[in-house]
Structure formats: C-alpha cells, structure tokens
1. Please check: in the Gaussian network model of the chain (C-alpha springs, under 10 Å), which one of Asn52, Asn94, Asn35 has the largest mean-square fluctuation.
2. Summing Lys, Arg as +1 and Asp, Glu as -1, what charge do residues with Cβ under 12 Å from the Cβ of Gln27 carry, Gln27 excluded?
3. Under 12 Å from the Cβ of Ser6, count the other residues' Cβ atoms, weight Lys and Arg +1, Asp and Glu -1, and hand me the total.
4. Classify the chain from the C-alpha gyration tensor, please: rounded if a/c falls under 1.5, else prolate or oblate depending on whether a/b exceeds b/c.
5. Label Val8 and Gln81 with points 7 Å out from Cα along Cα→Cβ: what is the distance between them in nm?
6. Among Ala42, Ala74, Ala19, whose mean-square fluctuation peaks in a Gaussian network model of the chain (Cα, cutoff 10 Å)?
7. Please state the relative contact order of the chain as a whole percent: Cα pairs under 8 Å, 6+ residues apart?
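Here, each number is a calculation from the coordinates, and none is a lab measurement. All figures in this text were calculated on a predicted structure; none of them were measured in a lab. All Cβ positions, even for glycine, are placed from backbone atoms using ideal geometry, and neighbour counts span all protein chains on display.
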Amino acid sequence: MVIVVSKVALSLTTGTTSADQVSGTYQFVPKGIVNFYALSSATGMTFSLLSNGQSICNQQAVPWFGTTGTMKKADHLVLSQAVNAGRLELYFNNTTGGTLTVDFVLEHIATR
C-alpha cells in the first residue's frame, strides 16, 4: 500500500476547482484498489477522481464534515474502487459561497 497523495486543510475559495492533486512518484499506479478518505470543513465540497481519464466519481459530495476532530480512516472512507494500471487524477470543487478546506488521503493497494 502506498499513499498516492494526502493533504491537510487544502483550501478552496468560493466556486473554485483545484488543480490536479496527484503528481510525482505515484501519479501512475499498477492495477489495484484505490481508497479515498476525506473530511471537509463544511458541506459543499465535491471531488472528481479519474483513472486513465475515465471518471470514477464526478462531482461527488464529500459526505463528512466538521470543524473539530481529526480525519480517521475507519470513519471517513468515501470510496474504495478497483482500477487498472495508469494515471490517477483528483480534483476538488467548492460549490458554496465561502472558503472551505478539506483533509484527504488517496491510497493505492497493488493487486495481481
């Protein structure tokens, strides 16, 4: 298992979409399972996850939010999905009228 990308308090202002959050060493992954964990500061944060340019989730709401506490893998799993070998992309979109933050982890588990 590798952590493809993780961030604490990625901040997006009103109506903006982030740049691709996946870059570097683990941008290209072998066949396996991706697990995505997220905790937003409030409702209105959505994400899009792509594998090889194909949408796994498109503008899906981050279902958990709160301004206190920490993100826990046991409590904040948003998605677990098998993927073919290739490139991963992850984008966030703030659909609200204020600034939001999101904590997240995207991990990959290689399979045969």
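1. Asn52
2. For residues surrounding Gln27, the net value is -1.
3. 0
4. Prolate shape, in that a/c is at least 1.5 and a/b is the bigger ratio.
5. According to this spin-label approximation, the distance is 2.8 nm.
6. Ala74
7. Across the chain, relative contact order equals 50 percent.
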